[in-house]
Amino acid sequence: MSTLLEDIESQINGLKTQVAKSNVGTVREIMDGVAKIEGLAGAALNEMLEFPGGVFGLALNLEETEVGAIILGNYLGIKEGDEVKTTGKLLQIPVGKGLLGRVVNMLGQPIDGKGPVDSQVSYPLEKLAPGVMKRKSVSQPVQTGIMPIDAMIPIGRGQRELIIGDRATGKTTIAIDTIINQARINKANEGKAGFRPLYSIYVAIGQKQSNVARVIGILEEAGAMPYTVIVAASASDSATMQYLAPLPERRLGSGSWTMAWMR
Amino acid sequence: MKINREARNMAKKLYNSCLVGGLIDEDRTKKTVAYLVEKKPRNYFPILNRMKKLISLKLAESAAVVESAAPLGAEEQVLSGKIRERFGSHVKIRFVQKPELLGGLRITVGSQVWDGSIRYRLNTLENSF
């Protein structure tokens with residue numbers, strides 16, 4: 001018995017406690033969701049920074065003596081002198097098919113109250129898009145479901161198409177009709193060999209939450225939600241969220257974002 | 001404080017001239033500051049402020065703070081030796097007692113922190129739930 005105890009004791013003695021090494025700085029000033037941080041000598045551009053209370057920030061401005069960061073989330077709890085840590089991770093979001101049918105914010109966090117997003121893979125938000133040579137040329141049409149548009153304007157998969165017009169002339173309606181039409185086509189062709197479903201990503205920037213909710217309602221009614229991801233940065237969200245919101249839009253055309261969300 | 005590019009560049013040049021072998025030379029720094037104060041060249045005030053900032057950051061880089069829950073006693077010498085061995089003999093080490101750490105050590109050198117305190121582990125545990 002004593003040998004057993006000795007054995008256990010020697011095992012315990014052999015255990016080493018982990019010492020966490022981190023790069024820290026202190027908040028020098030914070031206002032309107034922008035923090036200036038002293039220290040943080042090892043911070044990288046676009047790296048996520050951890051503030052007290054589980055709030056994250058994004059290092060955007062690396063200067064000789066300080067780092068400028070924007071806060072993602074609630075910045076009211078952060079004050080001067082608070083400790084900030086680097087995380088060693090670039091700003092990343094969960095990706096994959098688990099996002100389909102969900103409403104998420106710019107960080108990929110669910111805001112529809114349906115529980116956590118089912119995704120194991122994360123992907124950096126800022127990434128170089130695949131070059132022109134790597135991309136397949138546009139070969140497959142996209143049907144909006146609106147006959148005059150389909151008849152007059154050729155739209156292909158992997159192509160950008162801008163919808164411009166005065167306010168209240170139906171720009172959003174065209175987009176939503178297209179999303180619904182794609183869902184209809186996807187449903188009709190489900191399971192057919194060689195068919196690649198077209199998933200839609202609707203990004204709402206600076207809109208009223210009621211408007212976003214209305215769009216979600218229309219898509220749910222039409223049964224298009226299982227093929228759609230909604231990214232919402234509404235008017236009541238912080239300026240940071242709205243600043244980051246155009247990123248998916250810009251990336252969509254280049255393919256990188258589409259892949260990022262759908263990989 | 002707002003500073004123009006000319007003053008910032010000048011401050012950087014003067015700061016660089018105060019370094020000997022990558023470390024701040026006290027004598028040179030004092031002479032530079034005295035000269036600036038005496039001659040009062042253009043933008044001398046922002047230059048002095050900027051130099052102060054750069055020097056304070058450089059000094060912070062070579063300052064180590066060892067925080068512990070209880071007095072370390074004779075172990076302070078061993079620890080000082082190990083820190084100096086790793087970061088150079090110029091490092092100034094300060095020992096601070098912080099009962100809220102509960103146990104273990106927290107060593108800060110510049111902006112690097114090695115946290116092996118019980119408080120840190122408890123916080124990590126709390127955040128993991």
| request: Scan the range A:10-52 residue by residue and report those that are among the small types (G, A, S), more than 12 Å from every other protein chain (Cβ to nearest Cβ) and surrounded by fewer than 21 Cβ atoms within 10 Å (Cβ to Cβ). | output: A:S10, A:G14, A:G33, A:A44
| note | Taking the range A:123-159 and keeping only residues that are more than 16 Å from A:I174 (Cβ to Cβ) and open to solvent by less than 60 Å² (accessible area, probe 1.4 Å), one is left with A:Y123, A:P124, A:L125, A:A129, A:P130, A:G131, A:G156, A:R157
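Output the number of residues of the range B:1-20 satisfying the condition of being of a type outside the set (A, V, I, L, M, F, W, C), part of a loop (DSSP other than H, G, I, E, B) and open to solvent by 80 Å² or more (accessible area, probe 1.4 Å).
Going through the range B:1-20 one residue at a time, the tally reaches 1.
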| remark: Selection over the range A:111-162 where residues are part of a strand (DSSP E or B) and either touching a Gly at 6+ places or on another chain (Cβ under 6 Å) or closer than 24 Å to A:F195 by Cα (or both) yields a count of 3
| field | Top-ranked residue of the range B:38-62 - restricted to ones that are outside any helix (DSSP H, G or I) and either out of contact with any strand residue (DSSP E or B) (no Cβ under 8 Å at 6 or more places or on another chain) or open to solvent by 40 Å² or more (accessible area, probe 1.4 Å) (or both), ranked as nearest to B:R8 (Cα to Cα) | value | B:N43
| Quick one: would you say A:L100 is at pLDDT 85 or above, open to solvent by less than 70 Å² (accessible area, probe 1.4 Å) and of a type outside the set (S, T, Y)? | yes
| note | Of the residues in the range A:211-243, those that are among the β-branched types (V, I, T) and within 12 Å of A:R102 (Cβ to Cβ) come to A:I216, A:T228, A:V229, A:I230, A:V231
| Selection from the range A:217-246 of residues that are of a type in the set (A, V, I, L, M) and crowded, with 18+ Cβ neighbours inside 10 Å | A:L219, A:A224, A:M225, A:V229, A:I230, A:V231, A:A232, A:A233, A:M241, A:L244, A:A245
| task | Evaluate the following for B:E67: is it open to solvent by 80 Å² or more (accessible area, probe 1.4 Å), more than 25 Å from B:D25 (Cβ to Cβ) and in the same structural domain as B:G116 (by TED's automatic domain parsing)? | result | no
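The values are calculated or read from the model by the stated rules, or taken from the named source; none is laboratory data. Everything quoted here is computed from the prediction, not taken from an experiment. Don't worry about glycine lacking a Cβ; one is built from the backbone with ideal geometry, like all the others, and counts go over all protein chains shown. These area figures cover heavy atoms from the full protein model, side chains too; ligands, DNA and RNA do not enter into them. Shrake-Rupley method; radii C 1.70, N 1.55, O 1.52, S 1.80 Å.
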